[in-house]
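Down below is the structure, laid out as structure tokens.
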Amino acid sequence: MDRVELLKQQAGIEACIYVKNGMKVGLGTGSTVKHTVIELGRKINEEGLEIVGIPTSLATEKLAKKVGIPLIDLAECSHLDVVIDGADEVDGEFNLIKGGGAALVREKIVAQESLSMIVVADERKMVGVLGAFPLPVEITPFAYQSTINQLAKLLDCRVNCRMSGDNPVVTDNGNYIADAHCGPTINQPVYTEAEILKIAGVVQVGLFNNMCDVVVVAKDSGVEVLTNPNGRMV
Ligand code: 5RP
């Protein structure tokens, strides 16, 4: 396993300390939280952990079923106890860019329904100002090029439709992803999120502001747990 993969695994496994018997657990998407899902499956099978999971993507649903996590539909529960998810960037205020895996809509809905949000990341994800990672925006296929033009005008940067070969990437919700190459300039993420959401054709934006309570960050020197002083876990 290479260095970064090892860091992802360490963060993913450490985050399981936030999962207790009886909890309803949101299961995020991506190559870091994958390790959390695998470890939760192990704990269920080997240690008798009793939880139910709510996946944030079809890919995570498939993995969770494979490792033996019982799943329920979000519609079947009033709230989730915790969601554990990855991030593409985390700023000093615990605001996030997410959606590198094209799952941002379901991830945001699940985070919104959760009493707490734990982010798992390796140290490369920690930034001063958000935006070096292209900001993902889920948009409708209808008139997608017009929506992309509106985004480019608003953000004053290049915006691309995410492609898979010759075709746009299609999300689990049947939409497309626009990636906005803002550069590290998003220093008012709450304002930026609100402005992007005003554009017709935008389904959701991958800015997760004031949602993250804890970041479990794996560094070469060890795993560090950062608690948001304005979050729900202080
Ligand atoms: C998917 C996401 C992921 O959580 C994010 O892209 C981080 O993924 P990884 O852990 O693979 O770097 O937001 O939509």
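Here, each number is a calculation from the coordinates, and none is a lab measurement. Note that the structure is predicted; figures quoted are calculated from it, not measured. Note that each Cβ is placed from the backbone with ideal geometry, even for glycine, and that neighbours are counted across all protein chains shown.
If we count other beta carbons within 10 Å of each Cβ, what is the order of 16, 212, 157, 77, fewest first? Don't skip to the end; give the middle numbers.
Numbers: 16 21, 212 26, 157 16, 77 13.
Arranged by neighbour count, lowest to highest, 16, 212, 157, 77 become 77, 157, 16, 212.
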*Using only Cα atoms, find the angle between the long axis of helix 144-155 and the longest principal axis of the chain, and express it within 0 to 90 degrees, rounded to the nearest 10.*
90 degrees
*How do 155, 74, 27 rank when sorted from fewest to most other Cβ atoms within 10 Å of their own Cβ?*
74, 155, 27
*asked:* Order these by the 10 Å Cβ neighbour count, fewest first: 50, 113.
replied: 50, 113
*asked:* Can you give me the angle between helix 3-14 and the longest principal axis of the chain, using Cα atoms only, in degrees from 0 to 90, rounded to the nearest 10?
replied: 60 degrees
*asked:* On C-alpha positions alone, give me the angle between the axis of helix 33-47 and the longest principal axis of the chain, in degrees, nearest 10.
replied: 20 degrees
_13 Å reach of a label modelled at residue 79, 7 Å along Cα-to-Cβ, counting backbone N of the range 99-129_ = 112-117
*So which trypsin sites (Lys or Arg not before Pro) in the range 1-52 are both in a DSSP loop and have at most 16 other Cβ atoms within 10 Å of their Cβ?*
20
*Would you calculate, for the chain, the mean residue ellipticity at 222 nm contributed by helices, counting each DSSP H stretch of 4 or more residues as -39,500 (n - 2.57) and dividing by all residues, to the nearest 500?*
-8500 deg cm²/dmol
*How high is the FRET efficiency between residue 21 and residue 227 when r is their beta carbon distance and R₀ equals 22 Å, given to the nearest 0.05?*
0.45
